[in-house]
Amino acid sequence: MVGEFEDNRVARDDWPAFKPKTPFGQMPVLEVDGEMMGQTVAICNYLAREFGLYGKTALETFHVDEVVCLVNDFIMATVKVMYEKDEARK
């Protein structure tokens with residue numbers, strides 16, 4: 001069962017002051033028992049393990065990681081397209 005949590009959002013104007021407190025100076029961040037954790041995939045894997053969603057066997061865990069990596073590849077390709085300056089290549 002999920003315990004209580006606070007969903008704290010950082011306003012754009014508050015980001016410069018908050019950034020030095022984050023791992024790697026990036027968001028998202030998960031704070032558990034006073035420890036700040038960074039990196040989206042690492043946070044997702046941590047939560048999946050904590051709540052029994054990460055697979056019961058090494059093979060099931062592999063398949064979870066496989067899908068996460070595929071989604072990450074897709075996101076990275078999308079970001080490249082978004083920032084491509086050459087309209088013909090875009």
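Derivation of every value follows stated rules applied to the coordinates shown; laboratory data play no part. Everything numeric in this text was worked out from a predicted model, so none of it was measured. Neighbour counts are summed over all protein chains in view; Cβ atoms, including those assigned to glycine, are modelled from backbone coordinates with ideal geometry.
Quick notes
- Percentage, to the nearest whole number, of Cα pairs in segment 1-54 over 15 Å apart: 54
- Loop-resident sites, segment 1-62, for trypsin sites (Lys or Arg not before Pro), counting at most 16 other Cβ within 10 Å (DSSP): Arg9, Lys56
- For the chain, built as a Gaussian network whose Cα springs stay under 10 Å, the top-fluctuating residue of Gly52, Gly34, Gly25: Gly34
- Placing R0 at 22 angstrom, the Cβ-Cβ distance between Cys44 and Phe18 gives a FRET efficiency of 0.55 after rounding to 0.05.
- Correct option for Rg/Rh (Cα atoms, Kirkwood Rh) [calculated from the coordinates] among [x] 1.03; [y] 0.97; [z] 1.06: [z]
- Computed magnitude of the charge dipole of the chain (debye, nearest 20; Cβ of K, R +1, Cβ of D, E -1): 380
- Point-charge dipole on Cβ atoms (K/R +1, D/E -1) for segment 41-90, about Cα centre, debye to 20: 100
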